[in-house]
1. Which pairs turn up if I take residues in the stretch 139-160 that are in a helix (DSSP H, G or I) and look for partners that are of a type in the set (Gly, Ala, Ser) with beta carbon separation below 6 Å, at least 6 apart in sequence or on another chain?
2. From the set of residues in the stretch 81-133 that are in a loop (DSSP other than H, G, I, E, B) and of a type in the set (Asp, Glu), which is least open to solvent (accessible area, probe 1.4 Å)?
3. Thr204 versus (1) without any contact (Cβ under 8 Å) to a residue 60 or more places away in the chain; (2) out of contact with any Asp or Glu (no Cβ under 9 Å at 6 or more places or on another chain); (3) not hydrophobic (A, V, I, L, M, F, W, C): which is the lone unmet condition?
4. With respect to Ser196, is the statement that it is closer than 23 Å to His41 by Cα, at pLDDT below 95 and surrounded by 16 or more Cβ atoms within 10 Å (Cβ to Cβ) true?
5. Check Leu190, Leu270 and return the single one that is of a type outside the set (Asp, Glu) and either crowded, with 22+ Cβ neighbours inside 10 Å or part of a helix (DSSP H, G or I) (or both).
6. Scan the stretch 208-262 for residues that are in contact with a Pro (Cβ under 6 Å, 6 or more places away or on another chain) and small (Gly, Ala, Ser) and jot them down.
7. List every residue pair whose Cβ atoms lie under 6 Å apart, where the two residues are 6 or more positions apart in sequence or sit on different chains, the first residue falls within the stretch 210-234 and is part of a loop (DSSP other than H, G, I, E, B), and the second residue, located anywhere, is open to solvent by 60 Å² or more (accessible area, probe 1.4 Å).
8. Determine, yes or no, whether Ile83 is of a type in the set (Val, Ile, Thr) and within 30 Å of Asp253 (Cα to Cα).
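The values are calculated or read from the model by the stated rules, or taken from the named source; none is laboratory data. On a predicted model such as this, the values are computed, not experimentally measured, just so you know. No Cβ is skipped: glycine too gets one built from the backbone with ideal geometry, and neighbour counts run over all protein chains shown. Note: accessible area is taken over every heavy atom of the protein model, side chains too, but ligands, DNA and RNA are not part of it. Shrake-Rupley method; radii C 1.70, N 1.55, O 1.52, S 1.80 Å.
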Amino acid sequence: MAAKGLVEFVNPYRQPQFVKAVRLQMKEIEGKQAFNQGLYHSDHYEKLIKSLSDSRQKYRQTINPEIRKQIAQEEYLEWNKYIELRRQELPDEFQVNQQSLYELQKSHEIYYERDTVGIRPQKLLDAFNSYAKLHKFQIPIDNWCILQLVNPTMGYLTQVNKIIKFEEVKKIIETQIVATFEKSLGQELLFQEICSLAFWNFYTQKGYMDFQEFSEFIKMFKFTVKPENLIQEFKFASQIYQGEFSKDISLKDSIVRFDFYRYIFLERNL
(Lines give C-alpha, C1' and ligand atoms only; values in the text may rest on other atoms or scores of the structure.)
Protein backbone atom coordinates (compact mmCIF):
# COMPACT_ATOMS: atom_id res chain seq x y z
CA MET A 1 0.00 0.00 0.00
CA ALA A 2 1.56 3.25 -1.12
CA ALA A 3 0.10 5.61 1.44
CA LYS A 4 -0.85 4.85 5.02
CA GLY A 5 -4.63 4.81 5.23
CA LEU A 6 -5.30 4.91 1.48
CA VAL A 7 -7.83 2.13 0.92
CA GLU A 8 -8.83 0.27 -2.24
CA PHE A 9 -5.57 1.33 -3.84
CA VAL A 10 -4.98 -0.42 -7.17
CA ASN A 11 -2.17 1.29 -9.01
CA PRO A 12 -2.43 0.84 -12.80
CA TYR A 13 1.25 1.70 -13.12
CA ARG A 14 3.65 -1.24 -13.13
CA GLN A 15 7.00 -0.82 -11.44
CA PRO A 16 9.86 -0.75 -13.97
CA GLN A 17 12.05 -3.82 -14.26
CA PHE A 18 15.01 -1.78 -15.47
CA VAL A 19 16.88 0.95 -13.61
CA LYS A 20 19.81 2.63 -15.32
CA ALA A 21 23.06 2.52 -13.34
CA VAL A 22 23.24 5.50 -10.98
CA ARG A 23 26.70 6.34 -12.32
CA LEU A 24 25.27 6.79 -15.82
CA GLN A 25 22.27 8.73 -14.53
CA MET A 26 24.57 11.12 -12.69
CA LYS A 27 26.67 11.63 -15.82
CA GLU A 28 23.52 12.70 -17.64
CA ILE A 29 22.34 14.97 -14.82
CA GLU A 30 25.70 16.72 -14.61
CA GLY A 31 26.19 17.01 -18.36
CA LYS A 32 29.26 14.76 -18.28
CA GLN A 33 28.06 12.57 -21.11
CA ALA A 34 29.29 13.78 -24.48
CA PHE A 35 26.65 15.74 -26.36
CA ASN A 36 25.37 14.97 -29.87
CA GLN A 37 26.34 11.30 -29.67
CA GLY A 38 23.04 9.72 -28.66
CA LEU A 39 24.18 9.10 -25.08
CA TYR A 40 21.20 10.76 -23.39
CA HIS A 41 17.94 8.90 -22.96
CA SER A 42 15.98 11.50 -24.97
CA ASP A 43 16.80 14.36 -27.30
CA HIS A 44 14.74 16.77 -25.23
CA TYR A 45 16.67 15.85 -22.08
CA GLU A 46 20.00 16.29 -23.85
CA LYS A 47 18.95 19.79 -24.94
CA LEU A 48 17.84 20.61 -21.39
CA ILE A 49 21.11 19.46 -19.83
CA LYS A 50 23.20 21.18 -22.48
CA SER A 51 21.44 24.44 -21.64
CA LEU A 52 21.80 23.87 -17.88
CA SER A 53 25.49 23.00 -18.15
CA ASP A 54 26.16 26.46 -19.55
CA SER A 55 23.86 28.36 -17.20
CA ARG A 56 25.11 26.59 -14.05
CA GLN A 57 28.62 27.72 -14.81
CA LYS A 58 27.53 31.29 -15.56
CA TYR A 59 25.44 31.45 -12.40
CA ARG A 60 28.33 30.51 -10.10
CA GLN A 61 30.73 32.87 -11.83
CA THR A 62 28.67 36.02 -11.29
CA ILE A 63 28.00 37.82 -8.01
CA ASN A 64 25.45 40.18 -9.55
CA PRO A 65 22.14 39.37 -7.79
CA GLU A 66 19.99 40.47 -10.73
CA ILE A 67 21.91 38.40 -13.25
CA ARG A 68 21.63 35.41 -10.91
CA LYS A 69 17.86 35.85 -10.74
CA GLN A 70 17.66 36.07 -14.51
CA ILE A 71 19.68 32.88 -14.98
CA ALA A 72 17.65 31.06 -12.33
CA GLN A 73 14.40 32.07 -14.03
CA GLU A 74 15.63 30.93 -17.43
CA GLU A 75 16.65 27.54 -16.00
CA TYR A 76 13.28 27.12 -14.34
CA LEU A 77 11.44 27.89 -17.58
CA GLU A 78 13.60 25.35 -19.40
CA TRP A 79 12.60 22.68 -16.88
CA ASN A 80 8.91 23.43 -17.31
CA LYS A 81 9.32 23.45 -21.08
CA TYR A 82 10.90 20.00 -20.83
CA ILE A 83 7.95 18.70 -18.79
CA GLU A 84 5.50 19.96 -21.40
CA LEU A 85 7.47 18.40 -24.25
CA ARG A 86 7.62 15.05 -22.47
CA ARG A 87 3.92 15.24 -21.65
CA GLN A 88 3.25 15.40 -25.38
CA GLU A 89 5.29 12.20 -25.84
CA LEU A 90 3.57 10.12 -23.16
CA PRO A 91 2.55 6.66 -24.42
CA ASP A 92 -1.05 5.53 -24.04
CA GLU A 93 -0.51 3.83 -20.67
CA PHE A 94 0.60 7.17 -19.21
CA GLN A 95 -2.16 9.28 -20.65
CA VAL A 96 -4.21 10.69 -17.80
CA ASN A 97 -7.84 9.73 -17.89
CA GLN A 98 -9.79 12.99 -17.63
CA GLN A 99 -12.76 11.11 -16.19
CA SER A 100 -10.53 9.91 -13.33
CA LEU A 101 -9.43 13.47 -12.60
CA TYR A 102 -13.05 14.62 -12.69
CA GLU A 103 -14.01 11.90 -10.19
CA LEU A 104 -11.06 12.84 -7.98
CA GLN A 105 -12.17 16.47 -8.09
CA LYS A 106 -15.69 15.51 -7.01
CA SER A 107 -14.22 13.62 -4.05
CA HIS A 108 -12.27 16.73 -3.09
CA GLU A 109 -15.34 18.93 -3.26
CA ILE A 110 -16.97 16.88 -0.51
CA TYR A 111 -14.32 18.21 1.88
CA TYR A 112 -14.18 21.82 0.71
CA GLU A 113 -13.77 24.27 3.54
CA ARG A 114 -16.82 26.49 3.98
CA ASP A 115 -16.83 29.52 1.67
CA THR A 116 -13.71 28.30 -0.18
CA VAL A 117 -12.90 26.24 -3.26
CA GLY A 118 -10.30 24.11 -1.51
CA ILE A 119 -9.64 21.77 1.37
CA ARG A 120 -7.42 21.79 4.40
CA PRO A 121 -4.25 19.65 4.08
CA GLN A 122 -5.47 17.35 6.86
CA LYS A 123 -8.45 16.39 4.65
CA LEU A 124 -6.43 15.36 1.61
CA LEU A 125 -6.21 11.73 2.67
CA ASP A 126 -9.97 11.63 3.26
CA ALA A 127 -10.58 13.04 -0.23
CA PHE A 128 -8.28 10.49 -1.86
CA ASN A 129 -9.87 7.70 0.18
CA SER A 130 -13.34 8.73 -0.98
CA TYR A 131 -12.15 8.59 -4.57
CA ALA A 132 -10.34 5.26 -4.16
CA LYS A 133 -13.33 3.57 -2.48
CA LEU A 134 -15.62 4.44 -5.37
CA HIS A 135 -13.29 4.26 -8.34
CA LYS A 136 -10.15 2.40 -7.21
CA PHE A 137 -7.11 4.45 -8.27
CA GLN A 138 -6.79 4.78 -12.01
CA ILE A 139 -4.13 7.46 -12.30
CA PRO A 140 -0.76 6.14 -13.56
CA ILE A 141 1.67 7.53 -11.00
CA ASP A 142 4.31 5.76 -8.97
CA ASN A 143 3.47 4.62 -5.43
CA TRP A 144 6.04 7.06 -4.06
CA CYS A 145 4.08 9.93 -5.60
CA ILE A 146 0.97 8.91 -3.66
CA LEU A 147 2.97 8.87 -0.47
CA GLN A 148 4.35 12.36 -1.21
CA LEU A 149 0.83 13.67 -1.68
CA VAL A 150 -1.26 12.29 1.16
CA ASN A 151 0.68 10.19 3.67
CA PRO A 152 -0.24 11.61 7.11
CA THR A 153 3.36 11.68 8.36
CA MET A 154 5.49 11.75 5.21
CA GLY A 155 3.20 13.53 2.75
CA TYR A 156 4.42 16.98 1.76
CA LEU A 157 1.07 18.62 1.05
CA THR A 158 -0.16 17.58 4.48
CA GLN A 159 2.51 19.87 5.98
CA VAL A 160 1.46 23.13 4.33
CA ASN A 161 -0.52 25.80 6.12
CA LYS A 162 -3.03 26.85 3.49
CA ILE A 163 -6.25 25.84 1.79
CA ILE A 164 -5.36 23.61 -1.16
CA LYS A 165 -7.26 23.97 -4.42
CA PHE A 166 -7.93 20.95 -6.58
CA GLU A 167 -6.23 22.61 -9.57
CA GLU A 168 -3.03 22.69 -7.52
CA VAL A 169 -3.31 18.98 -6.76
CA LYS A 170 -4.10 18.25 -10.39
CA LYS A 171 -1.01 20.10 -11.61
CA ILE A 172 1.19 18.14 -9.20
CA ILE A 173 -0.33 14.86 -10.40
CA GLU A 174 0.16 15.77 -14.06
CA THR A 175 3.83 16.49 -13.37
CA GLN A 176 4.16 13.26 -11.37
CA ILE A 177 2.84 11.31 -14.36
CA VAL A 178 5.75 12.64 -16.43
CA ALA A 179 8.10 11.73 -13.58
CA THR A 180 6.66 8.22 -13.47
CA PHE A 181 7.11 7.86 -17.23
CA GLU A 182 10.79 8.77 -16.86
CA LYS A 183 11.15 6.21 -14.08
CA SER A 184 9.69 3.56 -16.38
CA LEU A 185 12.66 4.26 -18.69
CA GLY A 186 15.11 3.56 -15.86
CA GLN A 187 15.64 7.22 -14.96
CA GLU A 188 15.15 6.97 -11.18
CA LEU A 189 17.03 10.19 -10.41
CA LEU A 190 15.22 12.19 -13.09
CA PHE A 191 11.99 10.88 -11.56
CA GLN A 192 13.02 12.51 -8.27
CA GLU A 193 14.07 15.73 -9.97
CA ILE A 194 10.71 16.10 -11.68
CA CYS A 195 8.89 15.34 -8.43
CA SER A 196 10.88 18.15 -6.84
CA LEU A 197 9.67 20.49 -9.58
CA ALA A 198 6.05 19.51 -8.91
CA PHE A 199 6.26 20.80 -5.33
CA TRP A 200 8.30 23.88 -6.26
CA ASN A 201 5.60 24.80 -8.79
CA PHE A 202 3.00 24.35 -6.07
CA TYR A 203 4.71 27.06 -4.02
CA THR A 204 5.95 29.55 -6.62
CA GLN A 205 6.12 30.32 -10.32
CA LYS A 206 9.58 31.85 -10.04
CA GLY A 207 12.89 30.11 -10.58
CA TYR A 208 14.29 31.31 -7.27
CA MET A 209 13.33 32.29 -3.73
CA ASP A 210 14.99 34.59 -1.27
CA PHE A 211 16.26 32.96 1.91
CA GLN A 212 13.14 33.88 3.89
CA GLU A 213 10.82 32.39 1.26
CA PHE A 214 12.89 29.25 0.99
CA SER A 215 12.92 28.77 4.75
CA GLU A 216 9.12 28.83 4.68
CA PHE A 217 8.91 26.57 1.63
CA ILE A 218 11.05 23.75 3.02
CA LYS A 219 8.85 23.43 6.09
CA MET A 220 6.81 21.29 3.69
CA PHE A 221 9.68 18.78 3.89
CA LYS A 222 9.96 19.14 7.68
CA PHE A 223 13.03 21.37 7.65
CA THR A 224 13.00 24.06 10.30
CA VAL A 225 15.85 26.36 9.34
CA LYS A 226 16.26 30.08 9.89
CA PRO A 227 17.26 32.06 6.78
CA GLU A 228 20.67 32.88 8.20
CA ASN A 229 21.38 29.17 8.77
CA LEU A 230 20.43 27.85 5.34
CA ILE A 231 23.96 27.60 3.97
CA GLN A 232 25.11 25.75 7.07
CA GLU A 233 22.15 23.33 6.87
CA PHE A 234 23.01 22.49 3.27
CA LYS A 235 26.75 22.84 3.71
CA PHE A 236 27.62 19.63 1.85
CA ALA A 237 25.77 20.70 -1.29
CA SER A 238 27.14 24.24 -1.17
CA GLN A 239 30.69 22.90 -0.87
CA ILE A 240 30.23 20.60 -3.85
CA TYR A 241 28.94 23.47 -5.94
CA GLN A 242 31.45 26.18 -5.12
CA GLY A 243 30.10 29.60 -5.96
CA GLU A 244 26.45 28.68 -5.48
CA PHE A 245 26.45 31.18 -2.64
CA SER A 246 28.79 34.12 -2.28
CA LYS A 247 30.03 36.05 0.73
CA ASP A 248 30.03 39.09 -1.56
CA ILE A 249 26.22 38.96 -1.75
CA SER A 250 24.25 40.13 1.28
CA LEU A 251 21.75 37.84 2.99
CA LYS A 252 18.97 40.14 1.80
CA ASP A 253 20.03 39.73 -1.84
CA SER A 254 20.90 36.03 -1.66
CA ILE A 255 18.62 33.51 -3.37
CA VAL A 256 18.10 29.78 -3.61
CA ARG A 257 17.41 28.79 -7.19
CA PHE A 258 15.37 25.78 -8.27
CA ASP A 259 18.51 24.01 -9.49
CA PHE A 260 20.06 23.98 -6.02
CA TYR A 261 16.85 22.83 -4.34
CA ARG A 262 16.60 20.10 -7.00
CA TYR A 263 19.98 18.79 -5.86
CA ILE A 264 18.91 18.92 -2.20
CA PHE A 265 15.84 16.86 -3.13
CA LEU A 266 18.20 14.22 -4.51
CA GLU A 267 20.76 14.43 -1.73
CA ARG A 268 18.21 14.11 1.07
CA ASN A 269 16.17 11.51 -0.85
CA LEU A 270 12.96 13.48 -0.39
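1. Sorted first by the residue in the stretch 139-160, then by its partner, the pairs are Asn143/Ala2; Ile146/Ala2; Ile146/Ala3; Leu147/Ala2; Leu147/Ala3; Leu149/Gly155; Val150/Ala3.
2. Looking at the filtered set, the residue picked out is Glu113.
3. That leaves (2) as the condition not met.
4. Criteria not met by Ser196.
5. Of Leu190, Leu270, the one residue that is of a type outside the set (Asp, Glu) and either crowded, with 22+ Cβ neighbours inside 10 Å or part of a helix (DSSP H, G or I) (or both) is Leu190.
6. Ser215
7. Val225/Glu233
8. For Ile83, the condition - of a type in the set (Val, Ile, Thr) and within 30 Å of Asp253 (Cα to Cα) - is met.
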